[in-house]
Amino acid sequence: MEKKVKYLNKDELHCKVEDFRGQYWPQSFPVDIEIIIERHLKLEIIPLPNLLRDGGTETYLTSDFKKIIVDSELYNNDRLLPRLRFGLAHEVGHYVLHRSFYGSYDVNSCEDYRNFISNLSESDYSRLEWQANEFAGGLLVSKKDLVDELEKLRDNFNVRKVSDPAMLLANKFKVSKQVVEVRLRSIA
């Protein structure tokens, strides 16, 4: 029987993210995703040259749940820090949400990863990625922190006078503007 990725709705995902964050990062933002990965989850972050070119991804989690492999260009470029943080949080999402599914495969190299992805059904792939993206966004930009920061903006400034409130929030959370925009839509 073919394994399927378990369906989780947004409320279930939100609960899992909040439980995880409460356990591993109860303090305020920005979340230090590398501390969570290395100190708490005991995973090693391994930069690998040309991962994006050769593997079609910037990050992946090994199926023994010991390493997150990261494209070395992403890892070593400070300008790409928001993308790196999201990619790492995304892999933590797989670690938390997809252990039983993902652990049944053998993903320990770039080639293994490509084979794993190419053998997934479109629905399983979409579900895996959507869930990991939602987890990452919620971990790095919690609903509570986002609402609090929006209220501070509203109280301290006329939000309309701030040229780009999403970018201002992105800088505070150390994520991309796109992550903040998605999180804002999710709480609207």
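The values are calculated or read from the model by the stated rules, or taken from the named source; none is laboratory data. Quick caveat, the model's predicted, so the values are computed rather than measured. Cβ atoms come from the backbone with ideal geometry, glycine included; neighbour counts cover every protein chain shown.
Do we have residue 88 as more than 12 Å from the chain's Cα centre (by Cα) and either aliphatic (A, V, I, L, M) or surrounded by 15 or more Cβ atoms within 10 Å (Cβ to Cβ) (or both) here?
On the way: more than 12 Å from the chain's Cα centre (by Cα): no; either aliphatic (A, V, I, L, M) or surrounded by 15 or more Cβ atoms within 10 Å (Cβ to Cβ) (or both): yes.
No.
Determine the pairs where a residue that is under 20 Å from residue 16 (Cα atoms), located within the range 118-133, has a partner that is assigned to a helix (DSSP H, G or I) with Cβ atoms under 6 Å apart, the partner being 6 or more residues away or on another chain. Cβ pairs passing all conditions: 131/97; 132/90; 132/93; 132/94. One residue stands out among those in the range 32-59 that are closer than 13 Å to residue 89 by Cβ and charged (D, E, K, R): the one that is surrounded by the most Cβ atoms within 10 Å (Cβ to Cβ), which is 58.
Among the candidates 51, 81, 74, the residue that is more than 15 Å from residue 139 (Cβ to Cβ) and touching a Cys at 6+ places or on another chain (Cβ under 7 Å) is uniquely 51. For the range 129-150, the set of residues classified as modelled with pLDDT of 95 or more and of a type in the set (A, V, I, L, M) consists of 132, 136, 139, 140, 141, listed by residue number.
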